[in-house]
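Asker: Quick one: structure below, then a few questions.
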Amino acid sequence: MDPLARLFGSAARVKLLRLFLFNDDLTFLATDAAFRARLTKDATRKELTALTNAGILRKKTGKSPVGYSADKRFAHYDALRIFLRTTTDVSDTAIITSLKKAGTIKLVVLSGLFTGALESKVDVLIVGDRLEERPLATAIHALEAELGREIRYACFSSEQFKYRLGVYDRLLRDVFDYPNRVIVDKIGLATTKTG
């Protein structure tokens, strides 16, 4: 079990804390929060009640369905947010394992959210062959649930990537001109970029 899950009482609570504190300008319905955090509706309702009772979340009622958002007036709001941000990490191995389910992965480059390069328009660049859209979207969604943040990603076939690299594509420049980390390279990126 994740040490933070032990500390906070459940993995569901940690996922919801990340979701709400990392997206503190948004309001989520219980069903949206369950979907984004990949939790059951019952577990989500239970944790939302506990977090609301603790003063970490605010319940917004009105004519529309009940929504929840982070309560920035919580006494330890900043400290909790900083703690969660500095302890939230998904290993490179977990990312690779998740993405492999989508097809033959040739290149994975992390940028943006994973490197602190907020200027980058892409968090994960994926290059592969026979990539399937649905398993790829599922893999990204699983990573989003762990991180509590939306992940911006782009995927290309090997041929598309080589073409775009050759014409100095703007999207690729956004990845490679800012801090990035290559975690899979089966296409020889260093030789491709210089050659």
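Asker: Output wanted: per-residue J couplings in Hz (rounded whole) for region 134-148, from phi through Karplus 6.51 cos²θ - 1.76 cosθ + 1.60, θ = phi - 60°, x for Gly and Pro.
Answerer: Result, rounded to whole Hz: 5, x, 5, 4, 5, 4, 5, 4, 5, 5, 4, 5, 6, 8, x.
Asker: What ³J(HN,Hα) values, in whole Hz, does the Karplus curve 6.51 cos²θ - 1.76 cosθ + 1.60 give for region 167-175 when θ = phi - 60°, with x put for Gly and Pro?
Answerer: 9, 6, 4, 4, 4, 5, 4, 4, 7
Asker: Same structure again: What 222 nm value per residue comes from the helices of the chain, counting each DSSP H run with n ≥ 4 as -39,500 (n - 2.57) and dividing by all residues, nearest 500 deg cm²/dmol?
Answerer: Calculated mean residue ellipticity at 222 nm is -14000 deg cm²/dmol.
Asker: Regarding region 3-87, what are the three Cα extents along the principal axes, ordered largest first, in Å?
Answerer: That works out to 37, 27, 19 Å along the principal axes.
Asker: Calculate the translational D of region 92-194 in whole µm² s⁻¹ from Stokes-Einstein, where the hydrodynamic radius comes from the Kirkwood formula applied to all Cα pairs, the temperature is 25 °C and the viscosity 0.890 mPa s.
Answerer: My calculation gives 180 µm²/s for D.
Asker: If amide hydrogens are placed 1.01 Å from N in the peptide plane, which non-local residues have theirs closer than 5 Å to the one on Lys59?
Answerer: Excluding prolines and chain starts, which carry no amide H, there are no hits.
Asker: Given the pairs Lys15/Lys60; Lys41/Lys121; Lys100/Lys186; Lys15/Lys41; Lys41/Lys100; Lys100/Lys162, which span a C-alpha to C-alpha distance of over 23 angstrom in this model?
Answerer: Check vs 23 Å cut-off fails for Lys41/Lys121; Lys41/Lys100.
Asker: Quick check: convex hull of the Cα atoms in the chain, volume per residue, rounded to a whole Å³?
Answerer: With only Cα atoms used, the chain gives 135 Å³ per residue.
Asker: Out of all DSSP beta bridges in region 92-194, what portion is antiparallel? Express it as a percent rounded to 5.
Answerer: Restricted to region 92-194, the bridges split so that about 70 percent are antiparallel.
Asker: Quick one: which residues, 5 or more positions from Cys155 or on another chain, have an amide H under 5 Å from its amide H? H modelled 1.01 Å from N in the peptide plane, none for Pro or chain starts.
Answerer: Residues meeting the amide H criterion: Ile126.
The numbers here are math on the coordinates, done by the rules we state, and not lab data. This is a predicted model, so every value here is computed, not measured.
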